[in-house]
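The values are calculated or read from the model by the stated rules, or taken from the named source; none is laboratory data. The shown structure was predicted, so the numbers you read here are calculated from the model rather than taken from an experiment. Every residue, glycine as well, gets a Cβ built from its backbone with ideal geometry; the counts of neighbours run over all protein chains shown. Ligands, DNA and RNA are stripped out before the accessible areas are found, and what is left, the full protein with its side chains, is counted by its heavy atoms. Shrake-Rupley method; radii C 1.70, N 1.55, O 1.52, S 1.80 Å.
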Amino acid sequence: MSESMLFPYEKYMTLSESVPVYYPAGDETRAKQVFQILTRATEQLEQLFGQKRPELEILLLAPEDFQIAPHDEMEEVGMPHPYWTDVTSPPTIVVPAEVDLIFGEVTPAKFSFMLYHALVLAFLENDPRPWPEDNPLWADEWQIKFGALWLSQTLDGEKGVINTDLFAEYDDIFEVEPDGKTPNTVRGFDWYEDTSPEDYLCYQLLLEQMAADLLQKYPADILPRFLALYRVERDVWLSDEVTSLLASVLGPGGEEWLEDLVYF
């Protein structure tokens with residue numbers, strides 16, 4: 001654990017497992033559940049990515065400690081949800097006791113989906129191949145969403161998207177405009193200082209639909225094949241270049257198929 005961290009680990013219990021799991025006293029059942037979910041998912045990702053599991057720890061937070069939890073970005077503690085951070089050594093998957101209301105009803109499937117997000121990011125960050133210095137936001141984020149949804153479908157038997165309540169609440173984001181596209185698209189979204197949490201959530205729903213559509217048509221190995229082309233020594237990836245790269249992985253007709261997605 002990083003010596004600079006001031007989080008009060010000493011007041012937490014620890015599971016005797018292959019991965020350290022810190023949890024508040026009385027919360028052992030939830031700690032074991034989270035460990036089991038992440039362990040099953042880790043085995044699947046090792047096979048998909050063809051790489052060893054990343055070294056990490058798991059921290060289940062007591063409600064009173066969330067604001068002082070290890071974190072990279074303020075929104076991680078501003079809107080509680082499971083996340084991965086590398087401000088600790090080794091990195092940590094942080095799991096709050098409660099999830100922010102913006103994420104809707106937290107069903108068991110949705111909770112697992114959130115954990116899968118954090119774990120997929122842990123694998124991607126552990127990959128020794130270089131990241132591009134300058135690239136479109138969606139180029140990295142579709143990978144996380146795709147991997148997490150694949151785990152939900154593979155391990156939990158889910159079909160289609162997971163956040164069905166949020167898709168119903170924000171159904172207007174899929175209304176097609178005269179130009180044949182949705183008001184915001186996966187490729188058109190970017191993060192700015194004034195981007196609201198709700199806008200970012202809607203962008204994540206577009207990515208989730210993209211992942212669901214990809215998984216309905218293509219095998220999961222499109223992700224590692226994409227990474228083999230994307231994670232190379234290269235300073236800049238333009239959005240059109242990433243589109244062409246992904247299309248080449250999808251095979252004949254791939255680019256036409258992508259362009260026909262109204263939200264892409």
Using 0.36 nm times the number of residues separating GLU46 and ALA109, minus their current alpha carbon distance, what extension gain do you get?
20.5 nm
Against the 2.2 N^0.38 Å scaling, with N counting residues, where does region 9-126 land? I'd like the Cα-based Rg ratio to two decimal places.
1.00
Using the Kyte-Doolittle scale, which helices in the chain average at least 0.5 and also have C-alpha atoms spread 24 Å or more along the helix axis, with helices defined as whole DSSP H runs?
108-126
Pairwise FRET efficiency - LEU227 versus THR14, Cβ, R0 = 41 Å, nearest 0.05:
0.75
Where region 146-260 is the region considered: accessible area per residue in Å², 1.4 Å probe:
50
By how many nm would the segment from LEU137 to LYS181 lengthen if fully extended, with 0.36 nm per residue of separation less the alpha-carbon distance?
14.0 nm
Report the far tail of the P(r) of the chain, meaning the percent of Cα-Cα pairs longer than 36 Å.
13
For a quick check, take a GNM of the chain with Cα springs below 10 Å and name the residue from PRO252, PRO96, PRO197 with the largest mean-square fluctuation.
PRO252
Net length gained if the chain between SER244 and ASP165 were fully extended (0.36 nm per residue, minus Cα distance)
25.2 nm
Of all DSSP beta bridges in the chain, antiparallel share, percent nearest 5:
45
Would you calculate the separation in nanometres between label points at SER196 and ILE68, each defined as 7 Å from the Cα along the Cα-to-beta-carbon direction?
3.4
Given the options SER89, SER18, SER244, which has the most mean-square fluctuation in a GNM of the chain, springs set between C-alpha atoms less than 10 angstrom apart?
SER18
Ranked by GNM mean-square fluctuation in the chain (Cα springs under 10 Å), the top entry among THR185, THR154, THR85 is THR154
Using Cα-Cα distances under 8 Å and only pairs 6 or more residues apart, what relative contact order does region 9-126 have, in percent?
23
Chymotrypsin sites (Phe, Trp or Tyr not before Pro) within region 172-257: DSSP coil, no more than 14 neighbouring Cβ in 10 Å
TRP191, TYR192
Ignoring ligands, DNA and RNA, please state the percent of accessible area on region 150-264 from carbon and sulfur, probe 1.4 Å.
49
Give me the 1.4 Å probe accessible area per residue for region 1-109, excluding ligands and nucleic acids, in Å².
53
State the percentage of accessible surface on region 9-126 attributable to carbon and sulfur atoms; use a 1.4 Å probe and exclude ligands, DNA and RNA.
50
Accessible area (Å², 1.4 Å probe, nearest 10) - PHE49
30
Assuming R0 = 35 Å, what is the FRET efficiency of VAL262 and SER89, from their Cβ-Cβ distance, to the nearest 0.05?
0.20
For a quick check of your reading of the filter: which GluC sites (Glu not before Pro) in region 151-244 sit in a DSSP loop and have no more than 16 other Cβ atoms within 10 Å?
GLU175, GLU193, GLU233
Pairs of Cα atoms farther than 20 Å apart, region 146-260, %
51
With a cap of 13 neighbouring Cβ atoms within 10 Å, and only residues DSSP puts in a loop, list the trypsin sites (Lys or Arg not before Pro) found in region 157-264.
LYS159
